[in-house]
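Below: the structure, in structure tokens.
The values are calculated or read from the model by the stated rules, or taken from the named source; none is laboratory data. If you're wondering where the values come from, they're calculated on a predicted model, not measured in any experiment. Note: ideal-geometry Cβ built from the backbone for every residue, glycine included; neighbour counts use all protein chains shown.
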Amino acid sequence: MKKEYCGLFGVYGHPEAARMTYFGLYALQHRGQESAGIVSWDGSKLREQRGMGLVAEVFNERHLGKELKGEVAMGHIRYSTTGVSLLRNAQPFMVRFGDYRLAVGHNGNLVNTYELRKELEAQGSIFQTTMDTEVFVHLIAKNMNGSTLEDAVIKACQKIKGAYSLLIMANDKLIAVRDPNGFRPLALGRLGTSYCFASETCAFDLIEAEYLRSVEPGEMIVIQGNHMQSYRIAEPTRASQCIFELIYFARPDSLVFDEVVYERRKEMGKILAGEAPVDADYVMPFPDSGSYAALGYAQASGLPLEFAMIRNHYVGRTFIQPSQNMRDFGVRVKLNPVRSMIAGKRILIVEDSIVRGTTIRTRVKKLRELGAREIHMRVSCPTIKFPCFYGIDFSSKGELIAANTPVADIARFIGLDSLHYLSIEGLLSSVKSRDSYCLACFNGDYPVALPDHLGKMCLEDQAAPGIIKQFC
């Protein structure tokens, strides 16, 4: 199972900046449900509220109406790629040094955190958290001696490697930065006379802001007073936008990397239908992940689209756990089949991806028990064979069923009559700018060089077959 990335939102020059940030984070909730935080500048100091849980659980009217004062605010929702799930690791990460009160929110993952942390600790730095974000803050502080804040941020960015979209609040300045490869999305918008930043444009839609453009790879935008200035932190290198934003992570109503996510997912399904047609009674997704690719497949193939599995939209993050004899409760509480649609049917399931395969196996087993005659599956992305070190939570090869297992064996493990993954060529044909995406999790071609200890993880022929052995 994949986890989402983090989400960022910031606004400058709005009388209810914290409230707008709350709504922006609310729209981005799908990107992380572990923690949430908002920091505002009241004219003399930074104010903060952070907590574990969903946006609506962390903030209340007292926070938004009275405590988080000011016309500048930024917020962050998190799931952990680096750093364990603790309140002290919740962002924005806030410090004070010299005349600055500084807050930083980070979406992405740095690949040289270990080396930089050792170097900084040897020079006397003391760390409060396990996040890679704190490494960046220390680098800014180290480079502030005799430099402007903007120069210090640029110098810090020249030391870090990997994926980062950053929002930085330094007193009354709001700074947005995107790494030279452009791994993570970050958009610039306008709300009246105010400017705002967001990981996805669906956040702008909620507050009725106008989308202006993407923050460019290798660009830093600084807003202070009535002035906005753009800097080049590094020349753009190999464009490496994360294609999983379009496959899975982003909301379908968002514009990401200047692509309409809804349209890209439908196109993936359409191409999939051309690559691997099948004679079936209908096409169905496991909602909501495969819904839009399934729609594209159905339209291209002429097969009817049916929703024979129904999602319970009221399942929260936690619920009272059942007794041990209620097996697979976590799966069944989220999705339940329409029994009359299953018995005797030839079913074609469209999924967006398969990481471990264990959850899908449980769902397919249930369809078999209900009398499905045939079950085929088509996947709207290629086989995931390599770990991601840029922010997706499949960080070891042993988690990936396709790393060492032939497709035919995966099909047998899941319980399918046939299985086909979208080809890399088919995936690239579904997007507008085919040379702009990172495909490392499919082909092992990492656009940012990995340090030795991470590189070894890509070469290890670990236990993907072990996933199958656990259940067979």
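Below is a table of values for the structure above.
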item: Residue in the range 93-133 that is surrounded by the fewest Cβ atoms within 10 Å (Cβ to Cβ), counting only those that are among the β-branched types (V, I, T) and either closer than 28 Å to C242 by Cβ or touching a Phe, Trp or Tyr at 6+ places or on another chain (Cβ under 9 Å) (or both); result: T130
item: Scope the range 218-269; condition closer than 27 Å to S380 by Cα and either basic (K, R) or free of Cβ contacts under 8 Å to residues at least 60 places away in the same chain (or both); matching residues; result: R238, R251, P252, D253, S254, V260, V261, Y262, E263, R264, R265, K266
item: Residue selected from the range 355-370 under the condition assigned to a loop (DSSP other than H, G, I, E, B) and of a type in the set (A, V, I, L, M), by the criterion nearest to I392 (Cα to Cα); result: V355
item: Any hit, the range 414-426, residues being crowded, with 23+ Cβ neighbours inside 10 Å and either at pLDDT below 95 or not aliphatic (A, V, I, L, M) (or both); result: yes
item: Some residue of the range 134-142 being assigned to a loop (DSSP other than H, G, I, E, B) and either surrounded by fewer than 19 Cβ atoms within 10 Å (Cβ to Cβ) or more than 24 Å from the chain's Cα centre (by Cα) (or both); result: no
item: Checking G182 against (1) assigned to a loop (DSSP other than H, G, I, E, B); (2) modelled with pLDDT under 95, the condition it does not meet; result: (2)
item: Pair list, Cβ under 6 Å, 6 or more apart: the range 145-163 residue at positive phi, other residue of a type outside the set (F, W, Y); result: G162/N109; G162/L110; G162/V111; G162/V448
item: Those residues of the range 87-106 which are in contact with a strand residue (DSSP E or B) (Cβ under 6 Å, 6 or more places away or on another chain), small (G, A, S) and not in a strand (DSSP E or B), in sequence order; result: A90
item: Output for the range 283-295, where each listed residue is without any contact (Cβ under 8 Å) to a residue 60 or more places away in the chain and either assigned to a helix (DSSP H, G or I) or touching a strand residue (DSSP E or B) at 6+ places or on another chain (Cβ under 6 Å) (or both); result: P287, S291, Y292, A294, L295
item: Residue within the range 220-233 that is surrounded by fewer than 17 Cβ atoms within 10 Å (Cβ to Cβ) and in a loop (DSSP other than H, G, I, E, B) present; result: yes
item: Only one of A152, A163 that is outside any strand (DSSP E or B) and of a type in the set (G, A, S); result: A152
item: Complete set of residues in the range 251-290 that are of a type in the set (S, T, Y) and crowded, with 21+ Cβ neighbours inside 10 Å; result: S254
item: Check on H63, farther than 21 Å from G192 by Cα, in a helix (DSSP H, G or I), in contact (Cβ under 8 Å) with a residue 40 or more places away in the chain and within 16 Å of the chain's Cα centre (by Cα); result: no
item: Qualifying position, being over 28 Å from D179 (Cα atoms), within 21 Å of the chain's Cα centre (by Cα), assigned by TED's automatic domain parsing to the domain that holds I310 and not β-branched (V, I, T), among G371, G357, G391, G415; result: G357
item: Selection status of D279, in contact with an Asp or Glu (Cβ under 8 Å, 6 or more places away or on another chain), assigned to a loop (DSSP other than H, G, I, E, B) and modelled with pLDDT of 95 or more; result: no
item: Criterion: buried (at least 23 other Cβ atoms within 10 Å of the Cβ) and either in contact (Cβ under 8 Å) with a residue 60 or more places away in the chain or over 18 Å from the mean Cα position of the chain (by Cα) (or both) - qualifying residue of L206, L174, L212; result: L174
item: Among the candidates V95, V39, V84, V72, residue that is touching a Leu at 6+ places or on another chain (Cβ under 7 Å) and at pLDDT below 95; result: V95
item: Only listed residue being at pLDDT below 95 and in contact with a helix residue (DSSP H, G or I) (Cβ under 6 Å, 6 or more places away or on another chain), chosen from I233, I271; result: I233
item: Y114, sole failed condition from (1) outside any loop (DSSP other than H, G, I, E, B); (2) of a type outside the set (D, E); (3) at positive phi; result: (3)
item: Subset of the range 227-242 (residues that are farther than 27 Å from V11 by Cβ and in contact with a Pro (Cβ under 6 Å, 6 or more places away or on another chain)); result: T237, R238, S240
